[in-house]
1. Pull up all non-local amide H partners of F128: gap of 5 or more, or a different chain, and H-to-H distance under 5 Å with H placed in the peptide plane.
2. Distance check, please: which entries in K153/K206; K34/K210; K51/K210; K129/K163; K51/K153; K7/K206 exceed 29 angstrom between their Cα atoms?
3. Sort the range 3-91 into rounded, prolate or oblate with this rule: let a ≥ b ≥ c be the square roots of the eigenvalues of the Cα gyration tensor; rounded if a/c is under 1.5, and if a/c is not under 1.5, prolate when a/b is larger than b/c, oblate otherwise.
4. What is the Å³ per residue value for the convex hull set by the Cα atoms of the range 98-219?
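No lab work stands behind these numbers, since they all come straight from the coordinates. What you see is a predicted model, and the numbers here were worked out from it, not measured in a lab.
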Amino acid sequence: MQKTRFKGQDISREDVLEAMERFDAGIRGTFPAKRWRTYAIQHNGRLYPPKETIRLIVGNRAVGSGGESVNSRFRELGFEIVTLSERPEDIPEDPEEDAVETSISLERDLEDNLEANLAQLEAGLVPFKRERLLSRQLDTKTVGIIDLMAVDKAGNIVVIELKAGEASDRVCGQLQRYMGWAQDNLAGTSSVRGIIVANSFTEGAKYAAKVVPNLALKRYSVSFKFVDG
């Protein structure tokens, strides 16, 4: 099987095709045009944004500035890259895209820290472990990618969703989808709980969480430690 490598992860042509299916099923209709202005992957008469496609494959990771560093991976797997428009050199990068990259990077750092210190979130939490399934960035193939999976001291499955900034009521619905999938596919006779970890929550998120007994909201705070360079 032909593969390429990006951010330390092997990627196959089949991985790209699965990401395209997920983009068509749940993202295409709402994807912002301002974040897709220059290049596209052309496949079976449809166009796909390279950076978003590779994000769907590698999960919660910043993918950088895009361009040839991303496009070349798709070419290596036999996909065609087409140019939508040329952006003059003196036009700055899109601030919204920079914000997306920053948010993804923060979420990745939060995920790294939380995975290594689950007990700080709740006493007794340990990483979910099952053959061929990951406790982190678990791709359900149907409802999205789960940030973290854990098991509490009572043996219940805990689905954790991370947001670098403020979480809205939309995140509650997202987590409930993941919880429903975990209940049907992983839990067996165990219960499933959910935790959203964010810097803050909208009023809508707080009200949405009130009516779901097994869904909790947890705020994180950041502290800096300085060392000699």
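1. Long-range HN contacts for F128: M149, A150, V151.
2. Correct reply: K34/K210; K51/K210; K51/K153; K7/K206.
3. Taking the square roots of the gyration eigenvalues as a ≥ b ≥ c, the range 3-91 is rounded.
4. Dividing the Cα hull volume of the range 98-219 by its residue count gives 107 Å³.
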